[in-house]
Amino acid sequence: MAVLTQKKPTTILEKLNDETWRRKFIRNVLIPWLFIAPLLILHIYVVTVPAVQGIYMSMTDWKGVGRNANFIGLENYRELFFEDETFGKALGNNIIWMIFFLTVPFILALFAATMLSQIKRGGMIYRSILFIPYVLASVVTITIWKNLLNPQRGIGAALDKMLGLEGAFGIAYLGRPESALMSIAFIDNWHFWGFLMILFLAAMQAIPPVLYDAAKIDGANRWQEFRHVTLPGIRPVVLFMFMMVAIWSFLAFDYIFLSTQGGPGGASEVIATLLYKNAFFRFEAGYGAAMGVVISIFAGFIIMIFVTLRRRGWDI
Amino acid sequence: MKGIKILFAIALLILALAPVGAQDVTTVSMWFGEGSTLDCWGPIMLEFNEVDPSIQLEIVPQADTWNVTRTAVAGGGGPDIVRTPGPSFVYEMAQAGLILPMDAFADEMGWGDFFFDWALDLGLVEGQLYSLSDELETLLLYYNTDVFEANGWTPPDTIDELNALAEEVAAAGYIVFSHGNASWRPSNEWFVGEYMTQIGGPHNVYKALTGQIPWTDESMVNAMEVLDAHMQAGWYGGGIDLYFTNDGATRRSMFADGTAAMNIEGSWAIRSLGEYFGETGQDWDWAPVPSHDGTDYFTIGMGNTSSINANSPHPEAAAQFLTWYFSPATQGKMLTNCRKGPAPVTISEEVMGELDPRIARVYAELSDASANDRYGYTTWTFWPPKSDVYIYEEVERVWTGEITVMDYLEGLNELFAEELAAGDIPPIPAR
């Protein structure tokens, strides 16, 4: 009876003196935090602290050498958005890059995955062949394609020779401002789309076959099956990859730097290559850090859109 | 049991004595790019270890050496000998207190006795010596002698002669200059610096570098317009778009097999020309890059510099290594064995006599040019970092027709003025 009338602890002192509360606190709060503490400390050390430092550095004139960094407030950001024409151009190229990668590889991957999901025997060979480019290092892929696209000894030159034409296909795709960015996107996509295809194929295989049977009984054709069964079934994976690809588009660097270094004449410049040049060639590390922060803000904005959609009930 | 005790005692004795032995030897570390250069330079540099056994050089191969070095040095570590890609990089490190002033070592070890005067001046930051320049470079007009002989051509002396010859070369179906920047985009700057010196004149470049005239001066506008005209004519690499896609191997091959007649490139190219011409059986020679008035001007550049890390526990030993490394004897040996561009020091005539006469002539001419006010400036050695990047990045926009020569030079002028005001200009030898 005494237990029933015992007062529930409300102040911190009362709680600390209460044995039941103490045990609960240790079991439900303290021990889980202790378990996660090593990882948390590591995360703070290698992610949070450098990230905060990066934000601070973006507000300094740090040259990337030594420790002299004067605080200059938002000056780097002002220059970035209101003075630096190359940044605007690079941002535009990033947006073109994003539009390309949110369409071309998705269409290719959806089509190939749908086709491959129908194959009962030997599908593994096709999957492997289409996936192999994804495991190649970017430097290898670029070297292969720089040779294939070479106007004098590449595929185009061979085609010209075979067809008796001159300069019809043997074009310096990477050397022309109007085609450089799209040529690199083509090369990157050659390596990337197989990865998307495997993800979509795995998602398609998780769709219960009974749904396709029901659709067939209802008289659905192939397109209607794809439209009303396959697409809704893989939608979470597709939308998640949409988010990831959009974020990755702002991080594009290696393929561009290894093929044209942003040229010719800045035609394939993106924010990440510009950041690298500012930080490591022009000794403008603070300014480069500001570009890094801007990329992070864009990524955060994209994530926010997806989180908002999820909160509104989208199945992402 | 007794045997085990004796063995134990011997082991303890060895352990106790080992550190004493180790303390007697000072190790000087140096980080160096991996690859064929190190394969040839490394064994010669390690000969230092026989000179004074109490100081041992340790060479650590590193990929992307400069970026690794500056990160390590900024973090308080790194090698004892800090190598940078040029004087403008030294300036930033000296300002940050990451490398040591070496004036006392220079006096004590007599560096002034074998370095050219202007060369030591290149290492000055606010009046103190922070670096020693290495790998003297200049740009040359290489030509395929087989192609020239077959067509009865001779190397041009003036820009007008070059223009006339280039038209003839192109009409005969050859590529005029075997070129391309696909392997190294900053190679654009070779031509900007060279045309400014040869057409604008080295004295005008000097005035612009010291802020006496703007980069939009008529002499510079004229130089850049000639370069643009040569590019638009397709003389470089066979066309602008091909220039942007030709890599190093392609341009060397097209020069060696006679597809191209000439090549404007640095003296470093000599190291690999033999390999390509050996395959084709043709031959090459060089001439000074033609100038507006026919005078043989040579632009001067430095491939890299050496300094002493401010965190080095034994700077004295590091300075002793530098004294040995930059001595005319060591530099001569590296020039003979590896065709390394020597540091700007006086190489003996005996060493020069052993060299391929074409190579010996490069350094003899350079020495003569620097003594007789016929030297010019390479952009990567004498321009501050932001202006230097601008020079090779933005010039592509001129060549692709996006901006005019005047837009380009106005942009350079604005950026250079900022760097000049900030005191970021590397030392410019007075003339």
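The values are calculated or read from the model by the stated rules, or taken from the named source; none is laboratory data. Quantities reported herein were computed from a predicted structural model and do not represent experimental measurements. Here the Cβ positions follow ideal geometry from the backbone for every residue, glycine too, while neighbour counts run over all protein chains shown. These area figures cover heavy atoms from the full protein model, side chains too; ligands, DNA and RNA do not enter into them. Shrake-Rupley method; radii C 1.70, N 1.55, O 1.52, S 1.80 Å.
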When region A:30-61 is checked residue by residue, the ones that are open to solvent by 70 Å² or more (accessible area, probe 1.4 Å) and within 14 Å of chain B (Cβ to nearest Cβ) are A:Q53
For B:T259, work out the one condition from (1) away from chain A (no Cβ under 14 Å); (2) open to solvent by 40 Å² or more (accessible area, probe 1.4 Å); (3) over 13 Å from B:I359 (Cα atoms) it doesn't fulfil.
-> (1)
How many residues of region B:356-403 are open to solvent by 20 Å² or more (accessible area, probe 1.4 Å), within 13 Å of chain A (Cβ to nearest Cβ) and outside any helix (DSSP H, G or I)? The answer is 4
Which residues, taken from region B:404-431, are open to solvent by 30 Å² or more (accessible area, probe 1.4 Å), in a helix (DSSP H, G or I) and not hydrophobic (A, V, I, L, M, F, W, C)?
-> B:D407, B:E410, B:N413, B:E414, B:E418
Is it the case that region B:51-65 has a residue that's more than 24 Å from the chain's Cα centre (by Cα), away from chain A (no Cβ under 11 Å) and either within 25 Å of B:E137 (Cβ to Cβ) or open to solvent by less than 40 Å² (accessible area, probe 1.4 Å) (or both)?
-> yes
Regarding B:G211, is this residue among the small types (G, A, S) and under 24 Å from B:P85 (Cα atoms)?
-> no
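Residue-by-condition table, conditions (1) open to solvent by less than 20 Å² (accessible area, probe 1.4 Å); (2) modelled with pLDDT under 95; (3) within 19 Å of the chain's Cα centre (by Cα):
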| position | (1), (2), (3) |
| --- | --- |
| A:T273 | yes, no, yes |
| A:K277 | yes, yes, no |
| A:G286 | yes, no, no |
| A:A290 | yes, no, no |
| A:F306 | no, yes, yes |
| A:R311 | no, yes, no |
Region A:175-225, residues that are in contact with a helix residue (DSSP H, G or I) (Cβ under 9 Å, 6 or more places away or on another chain), within 14 Å of chain B (Cβ to nearest Cβ) and not polar (S, T, N, Q) = A:G175, A:R176, A:P177, A:A180, A:L181, A:I184, A:I187
Any hit, region B:276-295, residues being open to solvent by 10 Å² or more (accessible area, probe 1.4 Å), among the small types (G, A, S), without any contact (Cβ under 8 Å) to a residue 60 or more places away in the chain and out of contact with any helix residue (DSSP H, G or I) (no Cβ under 9 Å at 6 or more places or on another chain) = no
So how many residues does region A:62-83 have that are in a loop (DSSP other than H, G, I, E, B), surrounded by fewer than 20 Cβ atoms within 10 Å (Cβ to Cβ), out of contact with any Phe, Trp or Tyr (no Cβ under 7 Å at 6 or more places or on another chain) and within 14 Å of another protein chain (Cβ to nearest Cβ)?
-> 6
Qualifying position, being among the acidic types (D, E) and closer than 26 Å to B:P426 by Cβ, among B:D296, B:D285, B:D257 = B:D296
Go through region B:47-62 and give me each residue that's in a helix (DSSP H, G or I) and among the β-branched types (V, I, T).
-> B:V51
The condition of being farther than 22 Å from A:V139 by Cα, assigned to a loop (DSSP other than H, G, I, E, B) and not hydroxyl-bearing (S, T, Y) holds, among A:G265, A:G292, only for A:G265
Could you list, in sequence order, all residues of region A:117-143 that are more than 14 Å from chain B (Cβ to nearest Cβ), open to solvent by less than 80 Å² (accessible area, probe 1.4 Å) and assigned to a helix (DSSP H, G or I)?
-> A:S117, A:G123, A:R127, A:S128, A:L130, A:F131, A:P133, A:Y134, A:S138, A:V140, A:T141
Going through region A:120-149 one residue at a time, which ones are touching a residue at least 12 places away in the same chain (Cβ under 8 Å) and among the charged types (D, E, K, R)?
-> A:R127, A:K146
Identify, by number, the condition in (1) assigned to a loop (DSSP other than H, G, I, E, B); (2) surrounded by fewer than 17 Cβ atoms within 10 Å (Cβ to Cβ); (3) touching a residue at least 40 places away in the same chain (Cβ under 8 Å) that B:Q212 doesn't meet.
-> (3)
Evaluate the following for A:L199: is it surrounded by 15 or more Cβ atoms within 10 Å (Cβ to Cβ) and part of a helix (DSSP H, G or I)?
-> yes
Scanning region B:102-143 residue by residue, those in contact with a strand residue (DSSP E or B) (Cβ under 6 Å, 6 or more places away or on another chain), buried (at least 21 other Cβ atoms within 10 Å of the Cβ) and farther than 19 Å from B:T346 by Cα turn out to be B:M102, B:Y130, B:L139, B:L140, B:Y142, B:Y143
Consider A:L251 carefully, then state whether it is farther than 27 Å from A:H191 by Cβ and more than 14 Å from every other protein chain (Cβ to nearest Cβ).
-> no
Check B:M231 against each of (1) farther than 15 Å from B:V395 by Cβ; (2) hydrophobic (A, V, I, L, M, F, W, C); (3) within 14 Å of chain A (Cβ to nearest Cβ) and name the one condition it does not meet.
-> (1)
If you go through region A:86-93 one residue at a time, do you hit one that is in contact with a helix residue (DSSP H, G or I) (Cβ under 7 Å, 6 or more places away or on another chain) and either part of a loop (DSSP other than H, G, I, E, B) or more than 14 Å from chain B (Cβ to nearest Cβ) (or both)?
-> yes
